1. Mind sorting Cys56, Cys31 by how few other Cβ atoms lie within 10 Å of their own Cβ, fewest first?
2. In whole Hz, with x marking every Gly and Pro, tabulate ³J(HN,Hα) for the stretch 34-41 from phi via Karplus 6.51 cos²θ - 1.76 cosθ + 1.60, θ = phi - 60°.
3. When only Cα pairs under 8 Å and 6 or more residues apart are kept, what is the percent relative contact order across the chain?
4. Calculate the all-directions average of the projected area of the chain's alpha-carbon convex hull, and give it in nm².
5. Tell me, in nm to one decimal, what length is gained between Ala8 and Gln37 on full extension, where the rule is 0.36 nm per residue of separation less the Cα-Cα distance?
6. Grab the other residues whose beta carbon is less than 12 angstrom from that of Arg59, score K and R as +1, D and E as -1, and report the net.
7. About the Cα centre, and with charges only on the beta carbon of Lys, Arg (+1) and Asp, Glu (-1), how big is the dipole of the stretch 2-69? Nearest 20 debye, please.
Amino acid sequence: MIYEGLIAETMSYQADAGTLTIKKLSGGSPCGSKPGQYKYVIENDVVVFSPISDECNARYNSFSPEGYKKL
């Protein structure tokens, strides 16, 4: 993740069968090394993430409920 031109967070990502798993590798968020899992759906060039499980509230709250439109 890049914020104001600086790398704020380094994470690993894995997508499989509509599930996205995110794990923090380094950075300033309070998230530990436990991964978060999110269901994702892509419709009309918009991807929406819904939490399956995530103990990190900062990561959980960073997702917009409206989703993200393809640019």
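What follows is calculated from the coordinates using simple rules that are stated; it is not laboratory data. Bear in mind the structure is a predicted one, so any value in this text is a computation, not a measurement. Neighbour counts run over all protein chains shown; Cβ positions are idealised from the backbone, glycine included.
1. On the way: Cys56 17, Cys31 22.
Ordered from fewest to most neighbouring Cβ atoms within 10 Å, Cys56, Cys31 come out as Cys56, Cys31.
2. Using θ = phi - 60°, the values come out as 5, x, x, 10, 9, 7, 10, 10 Hz.
3. 21 percent
4. About 5.2 nm², averaged over all directions.
5. Fully extending the segment from Ala8 to Gln37 adds 8.4 nm.
6. With Lys, Arg at +1 and Asp, Glu at -1, the neighbours total 0.
7. 220 debye
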